[in-house]
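Remarks on the structure that follows.
The values are calculated or read from the model by the stated rules, or taken from the named source; none is laboratory data. Predicted model, so just to flag it, every value in this text is computed and none were measured. In this analysis, Cβ positions are derived from the backbone assuming ideal geometry, glycine residues included, and neighbour counts consider all displayed protein chains. All accessible areas refer to the heavy atoms of the entire protein, side chains included, with ligands and DNA or RNA removed. Shrake-Rupley method; radii C 1.70, N 1.55, O 1.52, S 1.80 Å.
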Amino acid sequence: MKFSIDQNVAVGPDAAVAAYANPAFYENRAPSGDISLVEVVSHEDTGPQTRLEVRYQFTGSVSSAVRAVVDPAKISWVTRTDVDKAQHRSSFVVLPDYYPDRLDCSGTFTFADAVPGADAASGPGAASGPGAATLITIAGDLKVRVFLVGRTVEQLIVKGLRDYLEAEIATVPGFIASA
């Protein structure tokens with residue numbers, strides 16, 4: 001299942017991509033929706049490139065049909081993100097802690113100047129001028145291989161990811177202001 005999210009944030013692209021390359025951006029984050037950030041597993045910064053690995057846990061409820069094939073307590077994963085600060089881009093891959101043969105997910109984040117004259121707080125097309133806001137675009141592909149319930153699980157995961165990532169993006173200006 002392909003998914004995408006476009007959301008503006010009221011900071012420039014350099015600041016936005018720098019936030020996503022900083023492990024402090026992820027630490028002590030409150031749960032959002034059905035996903036909790038557990039820990040920053042690793043962080044390697046070589047200047048223009050950064051690799052982060054962050055562990056997450058699904059905390060929502062699932063149907064009895066899903067529970068019959070997947071233990072909800074074992075829905076956790078590490079997201080490995082490679083950030084290219086100069087290109088204002090990152091790529092990610094999800095590495096399940098359990099059931100690695102049942103889930104594939106990967107994608108990209110891009111950080112571009114938002115459309116001038118639009119409202120950064122309300123979604124696509126933000127800023128009061130070039131560089132004043134960033135359009136963050138997240139595009140990914142998720143595949144769940146579970147007989148009969150795979151499509152339902154994909155929809156559940158994508159909804160949870162969308163909610164989590166929209167909330168995450170909204171925290172960027174506050175993180176930048178406090179850094």
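Restricting attention to the range 72-94, and to residues there that are assigned to a loop (DSSP other than H, G, I, E, B) and not β-branched (Val, Ile, Thr), which single residue is surrounded by the fewest Cβ atoms within 10 Å (Cβ to Cβ)?
At the first step, the residues of the range 72-94 found to be assigned to a loop (DSSP other than H, G, I, E, B) are 75, 85-88.
Those left that are additionally not β-branched (Val, Ile, Thr): 85-88.
Numbers: LYS85: 19, ALA86: 10, GLN87: 12, HIS88: 19.
Within the range 72-94, the match that is surrounded by the fewest Cβ atoms within 10 Å (Cβ to Cβ) is ALA86.
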Quick check on my filter: what residues within the range 19-40 are hydrophobic (A, V, I, L, M, F, W, C), more than 17 Å from THR137 (Cβ to Cβ) and not in a loop (DSSP other than H, G, I, E, B)? ALA24, PHE25, ILE35, LEU37, VAL38, VAL40
Filter the range 22-59 for residues that are aliphatic (A, V, I, L, M) and over 16 Å from ALA177 (Cα atoms) and give the result. ALA30, ILE35, LEU37, VAL38, VAL40, VAL41, LEU52, VAL54
I'm trying to understand the selection: among the residues of the range 41-71, which are crowded, with 17+ Cβ neighbours inside 10 Å and among the β-branched types (Val, Ile, Thr)? THR50, VAL54, VAL62, VAL66, VAL70
Output the residue which, of all residues in the range 12-59 that are modelled with pLDDT of 95 or more and in contact with a helix residue (DSSP H, G or I) (Cβ under 6 Å, 6 or more places away or on another chain), is farthest from LEU165 (Cα to Cα). HIS43
Counting only residues that are open to solvent by less than 40 Å² (accessible area, probe 1.4 Å), within 20 Å of VAL93 (Cα to Cα) and of a type in the set (A, V, I, L, M, F, W, C), how many does the range 140-166 have? 7
Could you go through the range 6-28 and let me know if any residue there is closer than 17 Å to ILE157 by Cβ and open to solvent by 40 Å² or more (accessible area, probe 1.4 Å). no
